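Beneath this line is the structure, given in structure tokens, with notes to follow.
Taken together, the values in this text are just the output of simple stated rules run on the coordinates, not laboratory data. Please read all numbers here as calculations on a predicted model, not as lab measurements. Counting neighbours? That spans all protein chains shown, and the Cβs are built from the backbone with ideal geometry, glycine included.
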Amino acid sequence: MSIENNKAIARQLTELLDQGNVDKLMTLLSPDFVSHFAGLPQPLNREQYIQVNRSAKAAFSDLIRTVDDLIAEADKVAVRITARGTHTGVFQGIAATGRQTEITGIAIRRIIEGKIVEEWVINDQLGLLQQLGIFHLPAQANS
């Protein structure tokens, strides 16, 4: 597949996650798909990955991800994403706050023969916790 095709596939995954179309997601992700989320103790398989994204959509009911950049080389596509949503449901044990959130993240997706086979993801989790009022930076010392 060409680099442009790989970029289109990487973008399509982001769009399908927002739509929640599991049938289309299953056709885009390889059966042996693995996702490495920063902070998780072990990789996620395809079904676990879909469940994590369902949970995010349940916690942030108006969640929309925007693709800000796509950079590709060989079989990998780096995707810089901004995610915006309102915290309307339980998220990782945190009750709904009703707060608007906006975080950035980067995913590197490896694509073989038109299927995403592997992904590495890092999101601004600290920024999210700050926006939800869970984590506060210490006051700056007066100089």
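Mind listing just one residue for me: the one in the stretch 39-53 that is under 11 Å from the mean Cα position of the chain (by Cα) and not β-branched (V, I, T) and, of those, nearest to D124 (Cα to Cα)?
N53
Anything in the stretch 109-126 that is of a type outside the set (D, E), part of a strand (DSSP E or B) and within 24 Å of A59 (Cα to Cα)? List them, or say none.
W120, V121, I122, N123
So which residues in the stretch 75-99 are within 17 Å of the chain's Cα centre (by Cα) and exposed (fewer than 14 other Cβ atoms within 10 Å of the Cβ)?
Scanning the stretch 75-99 gives a single hit, Q92.
When the residues of the stretch 54-67 are filtered to those that are under 13 Å from the mean Cα position of the chain (by Cα) and outside any helix (DSSP H, G or I), which remaining residue is farthest from L16 (Cα to Cα)?
F60
Could you count how many residues in the stretch 103-114 are of a type outside the set (A, V, I, L, M, F, W, C), closer than 14 Å to A74 by Cα and surrounded by fewer than 20 Cβ atoms within 10 Å (Cβ to Cβ)?
3
Quick one: A72 ticks every box in (1) crowded, with 16+ Cβ neighbours inside 10 Å; (2) in contact (Cβ under 8 Å) with a residue 60 or more places away in the chain; (3) farther than 24 Å from L28 by Cα except a single one, so which number is it?
(3)
Which residues, taken from the stretch 1-23, are over 17 Å from the mean Cα position of the chain (by Cα) and either over 15 Å from D75 (Cβ atoms) or crowded, with 19+ Cβ neighbours inside 10 Å (or both)?
If the condition is that a residue be over 17 Å from the mean Cα position of the chain (by Cα) and either over 15 Å from D75 (Cβ atoms) or crowded, with 19+ Cβ neighbours inside 10 Å (or both), then N6, D23 are the ones that fit.
Just give me the residues in the stretch 78-137 being charged (D, E, K, R), farther than 19 Å from A38 by Cα and without any contact (Cβ under 8 Å) to a residue 60 or more places away in the chain, in sequence order.
R84, R99
Show the residue pairs that are 6+ apart or on different chains and have beta-carbon atoms under 7 Å apart, the first residue being within the stretch 52-64 and closer than 20 Å to T104 by Cβ, the second being part of a helix (DSSP H, G or I).
N53/L17; L63/D18; L63/A56; L63/K57; I64/D18
Spot the failing condition for K24; the list is (1) without any contact (Cβ under 8 Å) to a residue 40 or more places away in the chain; (2) more than 29 Å from G133 (Cα to Cα); (3) assigned to a strand (DSSP E or B), and only one is missed.
That leaves (3) as the condition not met.
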